[in-house]
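The values are calculated or read from the model by the stated rules, or taken from the named source; none is laboratory data. Predicted, not measured: the structure shown is a model, and the values here were computed from it. Positions of Cβ are generated from backbone atoms using ideal geometry, with glycine treated the same way; all protein chains shown enter the neighbour counts. Surface accessibility is based on the protein's heavy atoms, side chains included, excluding ligands, DNA and RNA. Shrake-Rupley method; radii C 1.70, N 1.55, O 1.52, S 1.80 Å.
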Amino acid sequence: MKKFLMIAAAVAAVCACSNDRDQVLKVYNWSDYIDESVIPEFESWYKEQTGKDIRVVYQTFDVNETMLSKIEKGHEDFDVVCPSDYIIERMLNTGLLTPLDFSSIPDGVNYIANNKSPYMQKIFREINKEIDANDYSVPYMWGTTGIIYNPKYVTDEEASTWDVIRNPKFKDAVLMKDAPRDVYSPVLIYLKQDELKSGKVTMNELMLDSSDESIAEVEAYLKSCKENIMGWEADFGKDQMTKERAVVSLNWSGDAVWAIEEAAALGVELKYAVPREGSNIWFDGWVIPKYAKNVSAATWFINFMCRPDIAIRNMDETGYVSANGAREVLDSQIDEEFDPIDVSYFFGEDATEVRVNETLYPSKEIIERCALEHDWGKDTDKLLAMWSRVKGDNASMATYIIIIVVLSLIAGYYVSKRNRKGHKHNTKKH
Ligand code: N2P
């Protein structure tokens, strides 16, 4: 009887556990990348739609590679994550993604089909030649990589080239994104600009260039910027620009929009440019990793993120551009203060002359000089090794001083301890 009760208790515990997990949705997203009030709203909406309870456990990351390693190496059971394009490609190539299936979501509340921009679907198809990434991922936000600058100190001309990060005028005043691929690509584009102009190499080929020579050239360039770089940041760059502590920041367009608006409220002017040599266009998309434990709730969550009013709130809160091409999203962005631009590539034929922010929706001319990054497979390790050499090399004088002070204190402590011991020993003897 006792044995039977023990088995029954164990079975009950296992059932309770799995029930619990059915009521939990683990979301892993970039930091500052959502209007957090939409999370409790999702929990209530999910209950209304399905009759089931759900609790969202929301965690954030700042670096793509950190997120990937938790899933690839740690097999963590996140249900929904939001990697960038080249990481989605890697996850597809390594079988880490679950195919998406929205067929169980009723028509009236299914926001997937009508809300994807044709442009986003097209660039998603470029991710992998054999597998359509649209079957495994739903685009969330997108943008460009460029330069945020303070025009009080930096001219438009100076900011029109990536070399602004090495301009001797900006000693200790440049912030770099702590994102290895998103720094590598612009620097390589800058270094290979003559080959690009002469057609010796294409932008897409450059995005796949993980050769030792190119990595070494980028490394040497970044080390030569050492005196200018005041830090490598994941999320404090926009704030430092707003407060005028830095004057140049290699950054993403969404951080630029956020910083420009915050700075304006403080009376500081900031601008954003995509340098003339060309840049990287990127997007991040929702995926369900292979180790997910609540695929059903994950599917509902991704669908909810595509509801136009939710997409607009996420956009307004973060400064980033939703990948949602619905008319409501376009209407929410129209403002008389902007000059009309052609965004038909994103919103369709009706949108050839609309007054939207060009930092958010780059012109066709900017898009044409940008390309998507692609997975490097095993060569990624070479990039990450170069990255730590560059950042290590760039540790500030303050860091060295702190290390020396701490080591001296530790040494001092042990010397005085030894002296005290010696003193006690001598006293005993007497
Ligand atoms: C926002 C992160 C944006 C990610 N903090 C751009 N790929």
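Along Cα→Cβ, 7 Å out, is where each label goes; now give me the distance between the ones at Lys223 and Arg125 in nm to one decimal.
Placing both labels 7 Å along Cα→Cβ, they lie 4.5 nm apart.
Give me the distance in nm between label points sitting 7 Å out from Cα along the Cα-to-Cβ direction at Ser388 and Glu328, one decimal.
4.7 nm
Over 30 Å between Cα atoms, which of Lys70/Lys177; Lys177/Lys378; Lys70/Lys171; Lys290/Lys364; Lys47/Lys73 qualify?
Result: Lys70/Lys171; Lys290/Lys364; Lys47/Lys73 exceed 30 Å.
Carbon and sulfur together cover what percent of the accessible area of the chain at a 1.4 Å probe radius?
54 percent
Give me log10 I(q)/I(0) at q = 0.07, 0.09, 0.10 Å⁻¹ for the chain, Debye formula, one equal scatterer per alpha-carbon, no solvent.
Evaluating at q = 0.07, 0.09, 0.10 Å⁻¹ gives log10 I(q)/I(0) of -0.41, -0.64, -0.76.
Mind checking the full-extension length gain between Lys197 and Glu213? Use 0.36 nm per residue of separation minus the Cα-Cα distance, one decimal, nm.
Residue separation times 0.36 nm, minus the Cα-Cα distance, leaves 3.8 nm.
Please identify the trypsin sites (Lys or Arg not before Pro) of segment 142-200 that satisfy two criteria: DSSP loop assignment and at most 11 other Cβ atoms within 10 Å. Which are they?
Sparse-neighbourhood loop trypsin sites (Lys or Arg not before Pro): Lys152, Lys171, Lys200.
Assuming R0 = 41 Å, can you tell me the calculated FRET efficiency for the pair Lys378 and Glu336, based on Cβ-Cβ distance, to the nearest 0.05?
My answer for the efficiency is 0.20.
With only alpha-carbon atoms counted, please give the Rg and Dmax of segment 228-348, in Å.
17.3, 49
Using Cα springs under 10 Å in a Gaussian network model of the chain, which residue among Gly285, Gly319, Gly267 shows the largest mean-square fluctuation?
Its mean-square fluctuation being the largest, the pick is Gly267.
Run the numbers for Arg355 and Asp132: contour at 0.36 nm per residue of separation, minus the present Cα-Cα distance, in nm.
Length gained, Arg355 through Asp132: 77.0 nm.
How large is ³J(HN,Hα), in whole Hz, for each residue of segment 62-75 in order, when computed from phi with the Karplus curve 6.51 cos²θ - 1.76 cosθ + 1.60 and θ = phi - 60°, using x for Gly and Pro?
For segment 62-75, the Karplus curve yields 10, 10, 3, 5, 5, 4, 4, 4, 4, 8, 5, 9, x, 6 Hz.
Could you name the aspartates and glutamates whose alpha carbon sits less than 13 Å from that of Lys271, not counting residues in the same chain fewer than 8 places away?
Asp156, Glu157, Glu158, Glu244, Asp255, Glu261, Glu262, Glu358
Ser279's amide H: which non-local residues (gap 5+, or another chain) put their own amide H closer than 5 Å, with H modeled 1.01 Å from N in plane and none for Pro or chain starts?
Here the answer is Cys370, Ala371, since their amide H atoms fall under 5 Å of that of Ser279.
Points 7 angstrom from Cα along the Cβ direction at Tyr291 and Asp309: gap in nanometres?
3.7 nm
Whole-Hz ³J(HN,Hα) for each residue in segment 221-228, computed from phi via Karplus 6.51 cos²θ - 1.76 cosθ + 1.60 with θ = phi - 60°, x for glycine and proline: what do you get?
My calculation for segment 221-228 gives 4, 5, 5, 6, 8, 3, 5, 8 Hz in order.
Cut-off 10 angstrom, C-alpha nodes, Gaussian network model of the chain. Which of Ala159, Ala113, Ala179 fluctuates the most?
Taking springs between Cα atoms under 10 Å, the residue moving most is Ala113.
Evaluate E = 1/(1 + (r/R0)^6) for Glu36 and Asp156, where r is the Cβ-Cβ distance and R0 equals 35 Å; express this FRET efficiency to the nearest 0.05.
The calculated FRET efficiency here is 0.45.
Add +1 for every Lys or Arg and -1 for every Asp or Glu among the other residues with Cβ under 10 Å from the Cβ of Ile312, and state the total.
So the surrounding residues net to -4.
Tabulate in residue order the Karplus-calculated ³J(HN,Hα) for segment 318-333, using 6.51 cos²θ - 1.76 cosθ + 1.60 with θ = phi - 60°, rounded to whole Hz; enter x for Gly and Pro.
9, x, 7, 9, 5, 7, 7, x, 5, 4, 4, 5, 4, 4, 5, 9
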